[in-house]
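Peer 1: Can you keep this structure in mind? I'll have questions shortly.
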Amino acid sequence: MNRFVVAAVAGLLLSATAIPAAAQTPPTPPAATAESPALASIIADYDAWQLSLNPVQAAREGDQSAKARLSDRSRAAELARVEPLTIFKRRLAAIDGDSLSSNDALNRDFLTIIIDRSIESIGLDGGRLSFNSEGGVGQSAGYLASGTRITSGADAEAWLARLEGLSAWYDAGLADARRGLDTGFVQPKSVIESALAIARNEAAFTPETDPLLRPLAALPASIPAADQAALRARAAAIVAAQIAPRRQAWVAFLQDEYGPTAPAEVGIGSRPGGREFYAFEARRYTTTDLTPDQIHQIGVDEVARIRARMDVEMRASGWTGDFAGFLNHLRTDPQFYATSREDMVEKASEMAKRADGGLPALFRTLPRLTYNVRPVPLEIEDNYTTGRYNGGSLAEGVPGGYIVNTGRLDQRPLYELPALTLHEAVPGHHIQIALAQEAAEGPAFRRSAGVTAFTEGWGLYSEYLGEEMGFYRTPEERFGRLSYEMWRACRLVADTGMHWMGWTLEQARACFTDNSALSPHNIETELQRYIGWPGQALAYKIGEIRLRAIRTRAEQTLGERFNVRDFHDALLVDGPLPLDLLDRRMDAWIEGQAGR
């Protein structure tokens, strides 16, 4: 998959960004917490190795020297990971599982899953899809810049060093895409059109608009004015000499080489090796052994269930017409839309602050890291989703970010904004991700393992929590939540339909247009995202279904002893897990609570 964009937005369970183990001295990770000396040694070694491969994560863990480095994203570096991963696998297999405590067994099994699927992922070479409808290397670099905070001259020098290293990222992205072109493992025309529009926009950046220069725009007063000017001049020179030519080369490659031969068929299953790749991605993103056919049927069943609930809220709103008419009403009535960019940010901010007030009733443990509400950068908003969360860092003094798209406001209805806020901000991604980052007692590999099914399942579960919080104030807002849930159910149907069953874009689109209140622009943006990022869309609903099933088991077993604050702490404080391991941990918690 597009490891450039993905690695910047959120850590993946199976990161494909790596450098050979001998390339640099690894930072010292936090002490591994394991009762077994053999397992503690493996975890400590793996954490040190993994942090050496990912300087961005290492810096967020507090390694100041890592701020000047970037990971090696070349295919050669990726292949070099196989040998050390295989050695780690053998060391784990040699441990007597019967002698391990339950926590040690959980960590061993989790690390084994990560290693096994990492090796399989490298063999499939998904990095050949080095871009998607939201771009590629440029977007990853832009996210890196947006999360960079400069508080000293040393920080500024570190950012200049990273700017120097970005040229290798661009070269690796181009090499990956060219390898995909050579092997027929390519994106379709519709994705290329979106990526090319973004690439042309990047190539047109000026020093005033370039996101890579923004970290140096407001430097601390401790840096003399003359030195500030010199730093900015050096950064501009690096971008002009190294980055700008590569941006132009990327445009030319997409326009003249990749685009003319790209297929119209949207599904990865039609590409050489595509069905094997998609079946793996389905397992990887859902952290289950579900097949694409099983996932498709789950989606069909969920669509029918949610649709029945939507009819109830439609009638509660006073609408007496049919479902299609109600959708048209929601999509076209001006009362449901913000009037300006500022209005959208203000409404999202009010909702986020109101959601903050509901947290103490749901959680005993809350993260120390705060978050803010900010708009999607103008240069990427046209092909960007309605909202997203960007993780922050206590170590680097960067808040989490609830990112709201303020473009095309007639396509971004306010009745969906409550669900979006609960998902992306609190109690959704900010709470879950910040708590995982602050799990200082656990191994570093668990803090960086962004298990998509858990993370996105929690986001969707958080939309449901809005009902318990009394957050949805009108039938239209409750319908908006259900429309968002329908959106995720249709993802299961559409993603498997396109990539596994050979559906056309029109067949996939029908689920959304016929059953959800999503605006036409949002539907098209989302569909292009699923086309260019096979399998990722499956994680949301599968994760949410499992989380709600775990809660149901806890409520039924514990009865009056069930406490939602304790339950949420048990889910979140120790960090995310693959779903089968999560079942194991939470069943043990339920048993422990029942025996109190």
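The values are calculated or read from the model by the stated rules, or taken from the named source; none is laboratory data. Computed from a predicted model, the values in this text were never measured in an experiment. In this analysis, Cβ positions are derived from the backbone assuming ideal geometry, glycine residues included, and neighbour counts consider all displayed protein chains. We work out accessible area using only protein heavy atoms, side chains counted, and drop any ligands, DNA or RNA first. Shrake-Rupley method; radii C 1.70, N 1.55, O 1.52, S 1.80 Å.
Peer 1: Has the stretch 570-588 got any residue that is more than 19 Å from the chain's Cα centre (by Cα), more than 29 Å from residue 486 (Cβ to Cβ), without any contact (Cβ under 8 Å) to a residue 12 or more places away in the chain and surrounded by fewer than 20 Cβ atoms within 10 Å (Cβ to Cβ)?
Peer 2: No; the residues of the stretch 570-588 include none that is more than 19 Å from the chain's Cα centre (by Cα), more than 29 Å from residue 486 (Cβ to Cβ), without any contact (Cβ under 8 Å) to a residue 12 or more places away in the chain and surrounded by fewer than 20 Cβ atoms within 10 Å (Cβ to Cβ).
Peer 1: Also: Looking at the stretch 308-323, which of the residues that are open to solvent by less than 70 Å² (accessible area, probe 1.4 Å) and outside any loop (DSSP other than H, G, I, E, B) is farthest from residue 485 (Cα to Cα)? It would help to see each step written out before you state the result.
Peer 2: Taking the stretch 308-323 and keeping what is open to solvent by less than 70 Å² (accessible area, probe 1.4 Å), we get 308, 310-311, 313-314, 316-318, 321, 323.
Retained after the next criterion (residues that are outside any loop (DSSP other than H, G, I, E, B)): 308, 310-311, 313-314, 316, 323.
Working: 308: 12, 310: 10, 311: 14, 313: 14, 314: 15, 316: 18, 323: 17 Å.
Here the answer is 316.
Peer 1: Would you check which residues across the stretch 93-108 are of a type in the set (D, E, K, R) and open to solvent by less than 30 Å² (accessible area, probe 1.4 Å) and list them?
Peer 2: Scanning the stretch 93-108 gives a single hit, 104.
Peer 1: Take residue 566 and decide whether it is farther than 25 Å from residue 285 by Cβ, surrounded by 14 or more Cβ atoms within 10 Å (Cβ to Cβ), touching a residue at least 60 places away in the same chain (Cβ under 8 Å) and of a type in the set (D, E, K, R). Reasoning before the result, please.
Peer 2: Numbers: farther than 25 Å from residue 285 by Cβ: yes; surrounded by 14 or more Cβ atoms within 10 Å (Cβ to Cβ): yes; touching a residue at least 60 places away in the same chain (Cβ under 8 Å): yes; of a type in the set (D, E, K, R): yes.
Considered against the rule, which asks whether it is farther than 25 Å from residue 285 by Cβ, surrounded by 14 or more Cβ atoms within 10 Å (Cβ to Cβ), touching a residue at least 60 places away in the same chain (Cβ under 8 Å) and of a type in the set (D, E, K, R), residue 566 comes out as yes.
Yes/no matrix, rows are residues, columns are (1) without any contact (Cβ under 8 Å) to a residue 12 or more places away in the chain; (2) open to solvent by 60 Å² or more (accessible area, probe 1.4 Å); (3) of a type outside the set (Gly, Ala, Ser); (4) touching a Cys at 6+ places or on another chain (Cβ under 9 Å):
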residue: 263; (1), (2), (3), (4): no, no, yes, no
residue: 272; (1), (2), (3), (4): no, yes, yes, no
residue: 297; (1), (2), (3), (4): yes, yes, yes, no
residue: 354; (1), (2), (3), (4): no, yes, yes, no
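Peer 1: I would also like to ask the following. State whether one or more residues within the stretch 273-287 are modelled with pLDDT of 95 or more, in contact with a Phe, Trp or Tyr (Cβ under 7 Å, 6 or more places away or on another chain) and not in a helix (DSSP H, G or I).
Peer 2: Yes, the stretch 273-287 contains a residue that is modelled with pLDDT of 95 or more, in contact with a Phe, Trp or Tyr (Cβ under 7 Å, 6 or more places away or on another chain) and not in a helix (DSSP H, G or I).
Peer 1: Do we have any residue at all in the stretch 38-49 that's at pLDDT 95 or above, closer than 29 Å to residue 162 by Cβ and in contact with an Asp or Glu (Cβ under 7 Å, 6 or more places away or on another chain)?
Peer 2: no
Peer 1: Within the set of pairs 6+ apart or on separate chains, which have a first residue in the stretch 445-457 that is closer than 15 Å to residue 44 by Cα, a second that is hydroxyl-bearing (Ser, Thr, Tyr) and in a helix (DSSP H, G or I), and C-beta atoms under 8 Å apart?
Peer 2: 445/46
Peer 1: Please list, ordered by first then second residue, the pairs with beta carbon atoms under 6 Å, 6 or more apart or interchain, first in the stretch 98-113 and within 13 Å of residue 42 (Cα to Cα), second open to solvent by 50 Å² or more (accessible area, probe 1.4 Å) and of a type outside the set (S, T, N, Q).
Peer 2: Correct list of pairs: 104/35.
Peer 1: Which one is nearest to residue 501 (Cα to Cα) among residues in the stretch 299-323 that are in contact (Cβ under 8 Å) with a residue 12 or more places away in the chain and of a type in the set (A, V, I, L, M, F, W, C)?
Peer 2: Out of the qualifying residues, it is 300.
Peer 1: So, in the stretch 324-356, of the ones that are polar (S, T, N, Q) and part of a helix (DSSP H, G or I), which residue ends up nearest to the chain's Cα centre (by Cα)?
Peer 2: 349
Peer 1: Now, a different point. Given the criteria surrounded by 21 or more Cβ atoms within 10 Å (Cβ to Cβ) and closer than 23 Å to residue 494 by Cα, does residue 268 qualify?
Peer 2: yes
Peer 1: Let me ask something else. For the stretch 358-470, please list each of the strands (runs of 3 or more DSSP E) lying entirely inside it that holds at least 3 residues being buried (at least 18 other Cβ atoms within 10 Å of the Cβ) and within 14 Å of the chain's Cα centre (by Cα).
Peer 2: The qualifying strands (runs of 3 or more DSSP E) are 387-390, 400-404.
Peer 1: While we're on this one: Does residue 358 satisfy the criteria of being closer than 22 Å to residue 572 by Cβ and either out of contact with any strand residue (DSSP E or B) (no Cβ under 9 Å at 6 or more places or on another chain) or among the acidic types (Asp, Glu) (or both)?
Peer 2: Taking the combined requirement at face value, the residue satisfies it.
Peer 1: Sticking with this structure for a sec: So in the stretch 32-88, with the set limited to residues that are farther than 30 Å from residue 99 by Cα and polar (S, T, N, Q), which one is most open to solvent (accessible area, probe 1.4 Å)?
Peer 2: 64
Peer 1: Name the residues in the stretch 491-507 that are closer than 20 Å to residue 304 by Cα and among the hydroxyl-bearing types (Ser, Thr, Tyr), would you?
Peer 2: 496 - this is the single residue of the stretch 491-507 that is closer than 20 Å to residue 304 by Cα and among the hydroxyl-bearing types (Ser, Thr, Tyr).
Peer 1: Output yes when any residue across the stretch 498-511 is over 19 Å from the mean Cα position of the chain (by Cα), at negative phi and of a type in the set (D, E, K, R), and no when none is.
Peer 2: Within the stretch 498-511, one or more residues are over 19 Å from the mean Cα position of the chain (by Cα), at negative phi and of a type in the set (D, E, K, R).
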